[in-house]
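Notes to accompany the following structure.
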There are 2 protein chains.
Amino acid sequence: MAFDGIETPFGSTDRIVGGAASYISLASSLLHEHVNLVAVVGEDFPQDFVDTLRHRGVNTQGLQVKQGEKSFYWKGRYHLDMNTRDTLATELNVLGSFDPVLPENYRNSRYIMLGNLSPKVQSTVIERLDQKPELVVMDTMNFWMESAMDDLRHTLTLTDVLTINDEEARQLSGEYSLVKAAKIIRNMGPRILVIKKGEHGALLFHGDDIFFCPALPLEEVFDPTGAGDTFAGGFIGYIARHGKTDFDTMRKAIVHGSALASFCVEKFGPERLLEINEQDLADRVGRFEQLSRF
Amino acid sequence: MAFDGIETPFGSTDRIVGGAASYISLASSLLHEHVNLVAVVGEDFPQDFVDTLRHRGVNTQGLQVKQGEKSFYWKGRYHLDMNTRDTLATELNVLGSFDPVLPENYRNSRYIMLGNLSPKVQSTVIERLDQKPELVVMDTMNFWMESAMDDLRHTLTLTDVLTINDEEARQLSGEYSLVKAAKIIRNMGPRILVIKKGEHGALLFHGDDIFFCPALPLEEVFDPTGAGDTFAGGFIGYIARHGKTDFDTMRKAIVHGSALASFCVEKFGPERLLEINEQDLADRVGRFEQLSRF
């Protein structure tokens, strides 16, 4: 959980609430009643937002608030195509020494979503569980491939599903073709792979099956920050709600994640996610069905 | 109809048969019995290929063979992503003075596919018909936006469906968002718009409806030359076969076009299209269904 400063062609904002855990828990709380949050913030983080999560049923016992310290801060600027961005500032702050704490009532969690963070922290979360979960989903990014590849390789072996974007899939595998890249990555640990392509949709590789989910064509992508995390939150939330990991459940989970992401990009930060309810989500899933049916 | 020289990361070839009309008529002849070809070649063009088209039921009475002249020639090099290419050579030859001839038995054609060519030649074909067709589909490219925009504007007003790629839609409309671009372009004439996104699929804007068709994830895109024309040929062929232009027919037409394009890219030039039959096409359409069903 963090603060973000965001510049887009449509406007700019600074120090708004962000971070993978914020988006993942907001998104998954629309789909599942029991969301257990593990994160760290500084004393500057707004209690209001934590209260909002609690009101939505998110268990925040695993949230550490470090007195005398500051929350992680990221500032970036998006280009017109909204698929590329420049990082203008990164302040690690509390994330520099994050040692994740899992309260006792978290340790039998069956569905784990590891937001994008140091692969060492991600594997520590898995190791602190009391029993092997049904499904571990992991998000990562190119930064960790460049700075912590050994840790990343280890965490991948503990993972059932990896979600990364197309460029990262190419980087991780060394293959341009996403079909070839998927084969290589699935030999590194995760038996299931989700490749996020932003405005170009998402691909699910599951067993011998492939599912493609389009992105909703939008008049305007206002701010893509958090869209990937929101997607992941919707994905794990749907799976946890239904308690199944078969291909059919997973492709519906992908659609729910994509639908939530399509809301996320409509306003700055997590603002839009705070406005929508289950019916809005169901309606949007219906639009995905109309979009891809033939 | 033309000769192409093609360099890809996988190999290179020179002076193989290509050109929009070759791909369009090959693709549409798999779906419809009465394909009338209008094109021009020089005396260097292989009669073998013309015979092949005839054996597939393509009427070649509208093909002009210019004695003492040479066929159009294009040479290009693809980059690793296969979505971008550099033109290495263009020799207009017979295309420089192309005056399309429509034999009398062509002039009541109901479904017209105008391959990518000078918009002046495209509109001449429409003007030489005896009656207004059911549907005029037009392909174009950025080159004509830069060199013949007035002619292009006129031809657009004669057109029901425009097929262009995403970059060209942005250039033609001046809008980055494809949803906004579609609105502007549909005010220029075509009531229906197909935006081709190569490996990222295709979008159909029809009335108030949008349909998205993914591209099939392939291990290898060997040579993308002609994929857009093949798509267009499959699209018009499916529509002509069913004699309908409603949304449901058009989205199935898009899938058939995409399926044919997915074959086209598997080998150099039109080679793969010459190998497949109706059953292969039906099987591949089935793979698109599996890919997008949820």
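Annotations
- Sole residue being crowded, with 24+ Cβ neighbours inside 10 Å, in contact with a Leu (Cβ under 8 Å, 6 or more places away or on another chain), among the small types (Gly, Ala, Ser) and on the phi < 0 side of the Ramachandran plot, chosen from A:Ala253, A:Ala259, A:Ala240: A:Ala259
Every residue, every condition in (1) touching a strand residue (DSSP E or B) at 6+ places or on another chain (Cβ under 6 Å); (2) of a type in the set (Gly, Ala, Ser), yes or no:
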residue	(1), (2)
B:Ile184	no, no
B:Gly189	no, yes
B:Ile192	yes, no
B:Gly207	no, yes
B:Tyr238	no, no
B:Thr249	no, no
B:Ser258	yes, yes
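- Qualifying residue in the range A:204-223 (condition: acidic (Asp, Glu), within 10 Å of chain B (Cβ to nearest Cβ) and closer than 29 Å to B:Arg284 by Cβ): yes
- Residues of the range A:101-123 satisfying the condition of being within 28 Å of A:Arg241 (Cβ to Cβ), within 18 Å of the chain's Cα centre (by Cα) and surrounded by fewer than 16 Cβ atoms within 10 Å (Cβ to Cβ): A:Arg110
Matching residues to (1) exposed (fewer than 15 other Cβ atoms within 10 Å of the Cβ); (2) touching an Asp or Glu at 6+ places or on another chain (Cβ under 9 Å); (3) at positive phi:
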site	(1), (2), (3)
B:His32	no, no, no
B:Val35	no, no, no
B:Val41	no, yes, no
B:Gln47	yes, no, no
B:Leu63	no, no, no
B:Lys70	no, yes, no
B:Tyr73	no, yes, no
B:Arg77	no, yes, no
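- Checking each residue in the range B:192-205 for being touching a residue at least 40 places away in the same chain (Cβ under 8 Å), of a type outside the set (Asp, Glu) and within 27 Å of A:Phe211 (Cβ to Cβ) picks out B:Val194, B:Gly198, B:Gly201, B:Ala202, B:Leu204.
- Some residue of the range B:221-241 being closer than 13 Å to B:Thr163 by Cβ, more than 13 Å from the chain's Cα centre (by Cα) and not β-branched (Val, Ile, Thr): no
- Failed condition for B:Val94, given (1) crowded, with 20+ Cβ neighbours inside 10 Å; (2) touching a helix residue (DSSP H, G or I) at 6+ places or on another chain (Cβ under 9 Å): (2)
- Residue check, B:Gly19 surrounded by 19 or more Cβ atoms within 10 Å (Cβ to Cβ) and at positive phi: yes
- Filtered residues of the range B:236-249 (kept if in a helix (DSSP H, G or I), closer than 17 Å to B:Phe211 by Cα and in contact (Cβ under 8 Å) with a residue 60 or more places away in the chain): B:Ile236, B:Tyr238, B:Ile239
- Among the candidates B:Gln290, B:Gln279, residue that is more than 14 Å from every other protein chain (Cβ to nearest Cβ) and either free of Cβ contacts under 8 Å to residues at least 60 places away in the same chain or basic (Lys, Arg) (or both): B:Gln279
- Verdict on A:Arg56 being surrounded by fewer than 24 Cβ atoms within 10 Å (Cβ to Cβ), more than 19 Å from A:Pro100 (Cα to Cα), in contact with a Gly (Cβ under 7 Å, 6 or more places away or on another chain) and of a type in the set (D, E, K, R): no
- Set A:Ala253, A:Ala259, A:Ala232: member being within 24 Å of A:Asn116 (Cβ to Cβ), touching a Ser or Thr at 6+ places or on another chain (Cβ under 7 Å) and either assigned to a helix (DSSP H, G or I) or not aromatic (Phe, Trp, Tyr) (or both): A:Ala232
- Some residue of the range A:130-142 being buried (at least 21 other Cβ atoms within 10 Å of the Cβ) and not hydrophobic (A, V, I, L, M, F, W, C): yes
Each value in this text was obtained by applying a stated rule to the coordinates, not by laboratory testing. Treat the numbers as computed from the prediction; the structure is a model and nothing was measured. As a convention, Cβ positions derive from the backbone with ideal geometry for all residues, glycine included, and neighbour counts pool all protein chains shown.
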